[in-house]
Protein chains: 2
Amino acid sequence: MTDDPTPRRPTLDEVAERAGVSRTAASRVLNNAPNVSRAKREAVLSAISELGYVPNPTARALATQQAGAVALIISGEDPAVLADPFYGQVIAGASTVLEETDLHLVLCLATSARGQVRVRQLLRARAVDGVMLMSLRGDDPLTSLALAAGVPAVFGGKPLHCEVPYYVDVDNVLGARQATEHLISRGRTRIATLTGPLDTEVGQARRRGYLEAMTLAGLPYRAEEGGDFTERGGVAAMEALLARHPDLDAVFAANDNMAAGALRVLHRAGRAVPAEVAVAGFDGLTVSENTEPPLTTVHQPIRNLGREMTRMLLALIAGERPSPLILPTTLVQRDST
Amino acid sequence: MTDDPTPRRPTLDEVAERAGVSRTAASRVLNNAPNVSRAKREAVLSAISELGYVPNPTARALATQQAGAVALIISGEDPAVLADPFYGQVIAGASTVLEETDLHLVLCLATSARGQVRVRQLLRARAVDGVMLMSLRGDDPLTSLALAAGVPAVFGGKPLHCEVPYYVDVDNVLGARQATEHLISRGRTRIATLTGPLDTEVGQARRRGYLEAMTLAGLPYRAEEGGDFTERGGVAAMEALLARHPDLDAVFAANDNMAAGALRVLHRAGRAVPAEVAVAGFDGLTVSENTEPPLTTVHQPIRNLGREMTRMLLALIAGERPSPLILPTTLVQRDST
DNA sequence: GTCCGGACTGGAAGCGCTTCCAGTCTGGCT
DNA sequence: AGCCAGACTGGAAGCGCTTCCAGTCCGGAC
């Protein structure tokens with residue numbers, strides 16, 4: 001732990017001098033560009049290791065005009081959004097892809113007023129080479145901001161009421177339809193739904209899938225209650241639903257958290273699951289394995305979502321023009337149906 | 001959407017020229033440094049807004065030798081660590097503090113071999129102004145790496161077998177003791193524990209707290225099984241525990257996830273909770289509210305942990321020498337005890 | 001009227017790297 | 001022997017900002 005007060009780090013100039021070559025040549029071997037003789041290349045290489053040289057990323061960024069980082073911007077009402085393990089998966093997926101590049105991941109929570117301002121600055125200052133945006137409400141100013149910033153941007157989930165060129169989404173409509181059709185195939189006819197927030201695309205889409213399935217099956221029953229994707233919200237919504245439609249025999253909840261809440265309400269109300277009421281969720285997070293009974297759910301490949309968003313962003317940065325991507329979902333059947 | 005192909009952004013030189021001052025003066029008003037006459041300051045300010053000038057963070061970073069970012073490094077066996085909402089809370093806490101500064105948060109998952117390498121590079125290249133490290137195993141090479149890198153570093157949770165100068169931790173020993181003593185106060189005497197991984201400080205500490213309480217109360221009963229902080233691990237451990245110690249009348253689980261697993265095992269085994277077996281957990285995440293029955297647990301201020309780590313890091317970066325911090329825990333009593 | 005401290009000012013030297021470009025040196029052909 | 005493409009080479013000009021420092025200018029003290 002003998003720290004020199006100023007252990008000034010060697011620069012490329014010093015490497016070049018020590019290797020007896022020009023700085024240009026040294027830079028070339030660093031970026032292994034052509035036109036460096038074998039001898040010089042080796043001289044530079046050994047100078048680098050003798051000096052323990054590490055290139056200064058900031059200087060490189062300034063010279064190349066590339067920040068060397070991309071941002072994941074998470075919008076939402078309050079910082080608690082991150083309590084949802086959903087984002088952890090997205091981040092993990094993004095990380096695995098970024099690991100293979102030399103880009104870093106900067107995480108921005110646009111959940112407070114101050115956070116919004118900082119995101120705006122980030123965008124305007126072009127402090128990153130690209131951004132991924134998640135969970136934008138329909139009217140989120142971030143959407144147009146990102147689009148206008150001139151920075152490569154990919155959206156996770158299509159923003160409501162807003163055409164964006166690049167996004168990765170999960171097939172929410174089809175997934176919800178699968179779940180509902182599954183309930184129908186179990187002989188249920190009075191199927192209600194606990195929707196997500198209807199000012200989000202995902203909330204809308206899952207509701208649409210439910211309606212499609214009901215319509216296609218010719219089932220006239222309709223019962224819905226709005227939730228907010230939290231377990232607490234699921235409890236409230238399920239209580240309301242049960243009060244208004246005591247005759248329901250199945251529930252499709254727009255996500256697992258709400259389904260978990262619904263299960264608790266049904267339990268308290270003495271309705272047997274799945275005997276009297278069947279319940280299906282959406283997400284396939286661990287929470288769905290641990291409910292009582294374990295939850296039938298529509299699994300969405302969240303990790304993969306993060307991965308694909310990142311890949312798309314990389315493509316965009318590389319100057320390509322990738323097409324939007326819709327990821328498939330799969331029904332996971334457990335004991336609640 | 002009329003994008004000029006190269007909408008070159010204005011530089012400080014252009015601002016200065018337009019305002020009729022030197023670049024130096026312009027820079028001064030940017031950093032609102034003294035020694036700029038009121039007139040010039042205003043000229044610069046209006047030039048800035050007319051031009052829509054935004055300073056280039058990279059150039060500034062190069063000139064000031066400050067990266068303008070700090071990293072949160074999360075270690076662990078596999079990327080799934082992020083599935084734990086724990087980190088979401090830490091991140092949220094860190095964000096709220098960083099929002100007030102002009103630092104960004106870069107997130108590094110040192111969960112794969114490749115990830116480790118990249119963290120190493122990050123550290124060596126001094127690509128950030130400081131780092132926060134979390135969930136390091138005892139022998140994690142990252143610990144010494146970070147210490148040696150000469151970058152301000154604060155640890156979240158004291159690494160096992162390793163003295164580090166700056167860390168924020170939760171009072172795991174006391175918390176575990178509180179939980180165990182609570183079980184004792186409920187008249188339990190045959191209290192078992194589901195420990196966390198014993199190669200982590202937190203796993204050790206919570207076990208120690210359990211033992212302290214048992215010893216202090218003069219209870220000779222000892223029964224423990226090792227888990228890995230996951231619900232699945234909790235299930236396995238609880239099954240083993242029950243097989244080996246069928247007479248237990250309470251369980252202290254080292255975290256909520258494992259406690260949730262334990263509850264399910266007990267339920268399947270027909271042991272009534274809390275009547276026959278009382279269960280207490282540790283963490284206070286939402287999962288503890290949603291078990292059946294709701295879980296008595298030791299709440300740790302995770303968000304606050306993230307906040308305090310960040311504050312400590314900022315202090316460190318500012319040249320101060322903060323003292324380690326131990327955050328208190330509180331017992332949250334619910335229906336499982 | 002002279003002197004001096006303090007408020008301003010801007011030229012210029014970096015920060016550490018990339019890259020254009022003009023030039024040098026080969027060896028292979030004719 | 002004379003030429004030329006192609007492989008190297010390194011000087012120098014940036015990238016956009018901060019900051020040292022040598023000055024200039026002013027009003028008040030003497």
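A short reminder: the numbers here are calculations on the coordinates, not readings from a lab. Since the model is a prediction, treat every value here as computed from it, not as a measurement. Every residue, glycine among them, receives a Cβ derived from its backbone with ideal geometry; neighbour counts consider all protein chains shown.
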Copies of B:A269 compared via label points 7 Å along Cα→Cβ give distances in nm, shortest first, of 3.4
At R0 = 35 Å the Cβ-Cβ FRET efficiency linking A:S144 and B:T11, nearest 0.05, sits at 0.85
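Using the crude model of +1 on Lys and Arg Cβ and -1 on Asp and Glu Cβ, and no other charge, please compute the dipole size for segment B:1-107 relative to its Cα centre, in debye to 20.
The calculated dipole for segment B:1-107 is roughly 780 debye.
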About its Cα centre, segment A:88-221 carries a charge dipole, from +1 on Lys and Arg Cβ atoms and -1 on Asp and Glu Cβ atoms, whose size in debye to the nearest 20 is 560
at B:Q333 the sorted inter-copy label distances (label 7 Å from Cα on Cβ side), in nanometres, are 4.7
Long-range share for the protein assembly as shown, i.e. C-alpha pairs more than 34 Å apart as a percent of all pairs, stands at 53
Given GluC sites (Glu not before Pro), DSSP loops and at most 13 other Cβ atoms within 10 Å, the longest exposed-site-free stretch of chain B is B:164-275
Checked against the positive end of the charge dipole of the protein assembly as shown (+1 on Cβ of Lys and Arg, -1 on Cβ of Asp and Glu, about the Cα centre), the farthest of A:A149, B:T296, B:Y167 is A:A149
Distances in nm between the label point of B:P165 (7 Å along Cα→Cβ) and its equivalents in the other copies, shortest first, are 5.0
With the dipole of segment B:172-299 defined by +1 on each Lys or Arg Cβ and -1 on each Asp or Glu Cβ, the option from B:T200, B:V251, B:L263 whose Cα lies farthest towards the positive pole is B:V251
Mean separation of Cα contacts under 8 Å (at least 6 apart) over the residue count of segment B:1-76, i.e. the relative contact order in percent, is 29
Sorting A:S323, A:T337, B:T11 by the position of each Cα along the dipole of the protein assembly as shown (Lys, Arg +1; Asp, Glu -1; all at Cβ), the one nearest the positive end of that ordering is B:T11
For the pair B:R186 and B:A63, the simple spin-label estimate (label points 7 Å beyond Cα toward Cβ) gives in nm 6.3
Of all C-alpha pairs within segment A:12-55, those more than 17 angstrom apart amount in percent to 12
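Write down Rg/Rh for chain B, rounded to two decimals, with Rg from the C-alpha atoms and Rh from the Kirkwood relation over Cα pairs.
1.15
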Per GNM of chain A with C-alpha springs under 10 angstrom, the most fluctuating residue out of A:A61, A:A236, A:A69 is A:A61
Mean-square fluctuation maximum in Gaussian network of chain B, Cα pairs under 10 Å, restricted to B:S144, B:S135, B:S37, hits B:S37
Long-range share for segment B:172-299, i.e. C-alpha pairs more than 24 Å apart as a percent of all pairs, stands at 13
Answer in debye to the nearest 20: the dipole magnitude of the protein assembly as shown about its Cα centre, from +1 Lys/Arg and -1 Asp/Glu charges placed on Cβ, is 1260
Here, B:S49 and B:D78, labelled 7 Å along Cα→Cβ, have an inter-label distance in nm of 5.6
